[in-house]
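In what follows, a single structure is set out as structure tokens and then discussed.
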Amino acid sequence: MSDEVVDLLKQAYVDEVETVMNYLANAIYLETLDGEDVAEDLMEDVQEELGHAEELGYRLRYYGEVPPASMDIKPTQDMLQPPADSTDVETVVDGVIEAEEDAIETYESLVAAAEDADDYVTADLATELLADEQAHKAAFLSIKKSF
Ligand SMILES: [Fe+2]
Ligand SMILES: [Fe+2]
């Protein structure tokens, strides 16, 4: 077992849970005439990111680790706080793109660390989640182009 793998699993888990919280808040907040499509996409991603957290949590359990709970976390996603104006869909989209880029970086690091540690199962999971985050980023980049 590698400490680096466990640390990255925990970081990824925490980021996914924080993402769920912020996508949910923004999805509800943006659900107006202007923001309806983005709100719908975000609500779908809430389920997907929650699924990511679940898979990471079971990997942590495999290593005898407890998945982080609310008192263990320090929030970092400034860019995903709902904007003052609920019609400011573009700010939310920019925040989502930034959050997806952070997730991509974390999963790239996790793939590398897991491969170094000969932990093929975690490497495989991280590769799968990396592909999901790349797809999320691409989807929101194309939404951004429509503004
Ligand atoms: Fe995710
Ligand atoms: Fe994502």
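Counting only protein heavy atoms and a probe of 1.4 Å, the accessible surface of the chain is 51% carbon and sulfur.
By per-residue mean of other Cβ atoms within 10 Å, what is the highest-first order of 118-129, 63-74, 6-17, 136-147?
Values: 118-129: 17.1, 63-74: 11.1, 6-17: 20.8, 136-147: 13.9.
Going from most to least packed, we get 6-17, 118-129, 136-147, 63-74.
What is the gain in length, in nm to one decimal, between Ala25 and Glu44 on full extension, counting 0.36 nm per residue of separation less the C-alpha to C-alpha distance? Walk me through the intermediate numbers first.
On the way: separation 19, 0.36 × 19 = 6.84 nm, distance 1.30 nm.
Additional length available on full extension: 5.5 nm.
May I ask you to give the solvent-accessible area per residue for the chain, in square angstrom, as obtained with a 1.4 angstrom probe?
On the way: 8140 Å² over 147 residues.
Accessible area per residue, the chain: 55 Å².
The calculated FRET efficiency for Glu105 paired with Lys74, based on their beta-carbon distance and R0 = 25 Å, is about 0.90.
The lysines whose alpha-carbon is closer than 19 Å to the alpha-carbon of Lys74, local same-chain residues fewer than 8 away aside, are Lys10.
The values are calculated or read from the model by the stated rules, or taken from the named source; none is laboratory data. This is a predicted model, so every value here is computed, not measured. Glycine also receives a Cβ, built like all others from the backbone with ideal geometry; neighbour counts cover every protein chain displayed. Accessible surface is based on the protein model in full, side chains and every heavy atom, while ligands, DNA and RNA are left aside. Shrake-Rupley method; radii C 1.70, N 1.55, O 1.52, S 1.80 Å.
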